[in-house]
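Bear in mind that the values in this text are calculations on the coordinates, not laboratory data. All values derive from a computational prediction rather than experimental measurement. Here Cβ is always computed from backbone atoms with ideal geometry, including for glycine, and neighbour counts include all displayed protein chains.
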């Protein structure tokens, strides 16, 4: 069983923070052996849940086209062996989304703010694209604990000053009881975790869900493009790694009660930490 690709809970990291770091252009996108299956899923969701996974404002068309051109050029330069199918979708953003595994979100500038003007979001992490569409950045994150008070102004300043030639990445993590990428929800407060999870079965019943986000400015339209790649691993994937067991346990411990409720970890905290401690004891 493979270890998780990304471990943003390492060193006990939890809570909400900007956490942006610059990356090389060559590292913008991730392409792996799940490409074919994830593209099949995207196509299926476009047919079965279209309005839940795709939204666009008419004024976003120019930004969509610019992103598609940048994406094609990037794949040709940095992933020459990757041969995505070019589709005949009328939307440039939808075409772009079917060439890569990442979800794509365009934040459009308007009156010194950025609002969600277009998105292909086939791997939502318990939130609703329809609910967030056309809202400014602060409203998109309005239910994230401490966002407005602690990091909202920092994110707005970052967006306003984001240079055209730089790409940044950040990560989110949580614990789910379902491995599906498509996890929509109107509100995180409506999430109910299973009551049957115990410290004995948590390893096979729970999954570590990590979002890798990248952020870059489109040089012509000045819109900001988010890519979001979701990685899901069984909790049991770290059962033989004492460092990751310890890090995740500490990360859960360090979450505020408010953040635990937001991530719905409060409902599974006892069996989750029990399983982690048992694993730590076995390897100590």
(request) Work out, step by step, the length gained on full extension between residue 185 and residue 89: first 0.36 nm times the residue separation, then minus their alpha carbon distance; give nm to one decimal. (result) 31.9 nm
(message) Need one number: nm distance between label points at residue 25 and residue 220, each 7 Å from Cα along Cα→Cβ, rounded to one decimal.
(response) 1.6 nm
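If one computes P(r) from the Cα atoms of region 176-255, what percent of pairs lie at distances over 18 Å?
Of all Cα-Cα pairs in region 176-255, 59 percent lie more than 18 Å apart.
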(request) In nm, give the distance between the simple-model label positions of residue 36 and residue 199, each being 7 Å from the Cα along the Cα-to-Cβ direction. (result) 4.3 nm
(message) Percent of Cα-Cα pairs more than 29 Å apart in the chain, please.
(response) 35 percent
(message) For 166, 2, 217, 261, which order do you get if you count the other beta carbons within 10 Å of each Cβ and list the fewest first?
(response) 2, 166, 261, 217
(request) Measure nothing fancy, just the Cα-based angle from helix 61-78's long axis to the longest principal axis of the chain, in degrees from 0 to 90, nearest 10. (result) 70 degrees
(request) Could you order peptides 224-232, 75-83 by the average number of other Cβ atoms within 10 Å of their residues, highest first? (result) 224-232, 75-83
(message) For region 67-117 and region 1-50, what is the centre-to-centre distance using only Cα atoms, to the nearest Å?
(response) 15 Å
(message) Taking only the Cα atoms of region 1-112, how large is their convex hull per residue, in Å³?
(response) 178 Å³
(message) Could you tell me the calculated FRET efficiency between residue 128 and residue 282, based on Cβ-Cβ distance and R0 = 51 angstrom, to the nearest 0.05?
(response) 0.80
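How large is the helix-only mean residue ellipticity at 222 nm for the chain, computed as the sum of -39500 (n - 2.57) over DSSP H runs with n ≥ 4, divided by its residue count, in deg cm²/dmol to the nearest 500?
So the calculated ellipticity at 222 nm is -9500 deg cm²/dmol.
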(message) What does the extension gain come out to for residue 110 and residue 160, with contour length at 0.36 nm per residue minus their alpha carbon separation?
(response) 16.9 nm
